[in-house]
Amino acid sequence: MIPGTDAFQQRKSPYITFSRESWRALRNSTPLTLKDSDLEEIRGLNENISLDEVVDIYLPVSRLLHLYYRASRELYAARREFLGTKHEKITFIIGIAGSVAVGKSTTARLLKTLISAWPNKPKVDLIPTDGYIFPNSVLKERNIMNRKGFPESFNVKGLITFLYDLKSGITNLKVPVYSHLLYDIVPGEFITVNNPDILILEGLNVLQSRNMKPSTEPELFVSDFFDFSIYLDAQESDIKTWFIERFKVLMKTAFQKRESYFHSYSALDPEKAVETAGTIWDEINAVNLRENIAPTKFHAHLILEKQQNHSIGRVLMRRI
């Protein structure tokens, strides 16, 4: 339910709520372009997404995105006609938001695959906002290493500049690369974004609509550049469980590497691992979720509500 006063609660919701069954019916004739083997490269840690999930949830999402994409092309054509200007290609931007461990990266990869298979075969790029986290040296200097992932840990100005340039048609844009293994920005390494038809941007705080500090300059927010936005939602207790499960998997994989920032965690016994992951969640990720991420979800065009087994149980689509 949308938070607010009792009077507001009694008003008609700005969202249309769909059960899994009613949402599945909106697939229409959208073809399934994936095989189960294709999902192996898409699945995240501890997230066993199935073809049924693709058919029931993500094919209707893909169809809706295609309708929005076509409508945006018509809108830009109308603007060109009004201004009397020549053809301009403007990238359609999809934002995906949600908590740590809720499955944003898996959803982004899946949508990229489905969108790339549309009849017009659009060029689709996928960019995580992790590349705009300040380097550890800056976070340490500002004494906010324990706030990594919070709004103040991001170079928001740099991210907005990138999106502004992208919407302006500037080519060969460079996006910094973040290494989860090193837990830091990789110096001198970049992703090149060269005027794609569609860009998927996924991150924790991409729907944020307030600045951390007062400013006399005109305010722009990351979400101002979105043509469509999706929020992945779940019960906090479930997300905490997924976070702990992922931590235990990483202990046996990435943390084993000596170059891993978290290599010292690789030797924890199972009980201590659960305790450590739970503390990290409670003191950092849960705070960020409650204070900064969850309050933004009603800015999204679409909210996908996950159940305990990671499957989507309900879909909320904004009507206004």
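Some points to look at:
- Hits in region 175-197 (condition: of a type in the set (D, E, K, R), over 17 Å from Phe154 (Cα atoms) and in contact (Cβ under 8 Å) with a residue 60 or more places away in the chain): Asp197
- Qualifying positions in region 252-291 - among the polar types (S, T, N, Q) and either surrounded by 13 or more Cβ atoms within 10 Å (Cβ to Cβ) or touching a helix residue (DSSP H, G or I) at 6+ places or on another chain (Cβ under 7 Å) (or both): Gln256, Ser260, Ser266, Thr276, Asn285, Asn288
- The set of residues in region 51-94 that are farther than 21 Å from Pro119 by Cβ, part of a helix (DSSP H, G or I) and charged (D, E, K, R) comprises Asp52, Glu53, Asp56, Arg79, Arg80, Glu81.
- Sole exception among (1) within 23 Å of Val206 (Cβ to Cβ); (2) in contact (Cβ under 8 Å) with a residue 40 or more places away in the chain for Pro295, by number: (2)
- Selected residue [buried (at least 23 other Cβ atoms within 10 Å of the Cβ) and either modelled with pLDDT under 95 or assigned to a loop (DSSP other than H, G, I, E, B) (or both)] from Ala101, Ala97: Ala101
- Residue check for Leu126: under 30 Å from Val287 (Cα atoms), in contact with a Ser or Thr (Cβ under 6 Å, 6 or more places away or on another chain) and either among the hydrophobic types (A, V, I, L, M, F, W, C) or in a loop (DSSP other than H, G, I, E, B) (or both): no
- Matching option when the condition is closer than 26 Å to Gly203 by Cα, among the aromatic types (Phe, Trp, Tyr) and either free of Cβ contacts under 8 Å to residues at least 12 places away in the same chain or touching an Asp or Glu at 6+ places or on another chain (Cβ under 9 Å) (or both), among Tyr76, Tyr69: Tyr69
- The lone exception for Ser260 - which of (1) closer than 18 Å to Lys104 by Cβ; (2) modelled with pLDDT of 95 or more; (3) of a type in the set (S, T, N, Q); (4) part of a loop (DSSP other than H, G, I, E, B) it fails: (1)
- Of everything in region 268-281 that is of a type outside the set (Lys, Arg) and without any contact (Cβ under 8 Å) to a residue 12 or more places away in the chain, the residue that is nearest to Asp224 (Cα to Cα) is Thr279.
The values are calculated or read from the model by the stated rules, or taken from the named source; none is laboratory data. Everything numeric in this text was worked out from a predicted model, so none of it was measured. Counting neighbours? That spans all protein chains shown, and the Cβs are built from the backbone with ideal geometry, glycine included.
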